[in-house]
1. Give just the number: which of (1) at pLDDT 90 or above; (2) on the phi > 0 side of the Ramachandran plot; (3) of a type outside the set (Gly, Ala, Ser) does ASN75 not satisfy?
2. Would you check if LYS14 is surrounded by fewer than 17 Cβ atoms within 10 Å (Cβ to Cβ) and at positive phi?
3. Considering every residue within the stretch 35-47, establish whether at least one is out of contact with any helix residue (DSSP H, G or I) (no Cβ under 6 Å at 6 or more places or on another chain), in a loop (DSSP other than H, G, I, E, B), at pLDDT below 90 and among the aliphatic types (A, V, I, L, M).
4. Quick check on the stretch 48-62: of everything there that is at pLDDT 85 or above and not in a strand (DSSP E or B), which residue is surrounded by the fewest Cβ atoms within 10 Å (Cβ to Cβ)?
5. Say we look at the stretch 19-46 and pick out the residues that are in contact with a strand residue (DSSP E or B) (Cβ under 6 Å, 6 or more places away or on another chain) and not hydrophobic (A, V, I, L, M, F, W, C); which of these is surrounded by the most Cβ atoms within 10 Å (Cβ to Cβ)?
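The values are calculated or read from the model by the stated rules, or taken from the named source; none is laboratory data. Quantities reported herein were computed from a predicted structural model and do not represent experimental measurements. Quick reminder, even Gly has a Cβ in these numbers, built from the backbone with ideal geometry, and neighbours come from all protein chains shown.
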Amino acid sequence: MTAAGLINALKLVKKTMNQIRVVVNGTGAAGISIIKLLLDIGVKDIILFDTKGIIYKECPVGMNKIKSEISKINNKEEGHLVMQ
């Protein structure tokens, strides 16, 4: 559902996966699975939040093995949600 909805929405606005930023709220099993799916279909810019805030590579609190792995490939802005 997530991939199909995103693909169709991007067709409507004439954008590609690498032109968008996706925010995922939650780092449970579902949130991590959604991130992996989005990466597989070509999304490049993903920001992940948990109860402590934005997850990024040098995040000092609330990290575990899965979050650490994901943090290496998400949130290119290193802890900041920069709006363009």
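1. (1)
2. Yes; evaluated as a whole, the condition is true for this residue.
3. no
4. THR51
5. Applying the filter and picking the extreme gives THR27.
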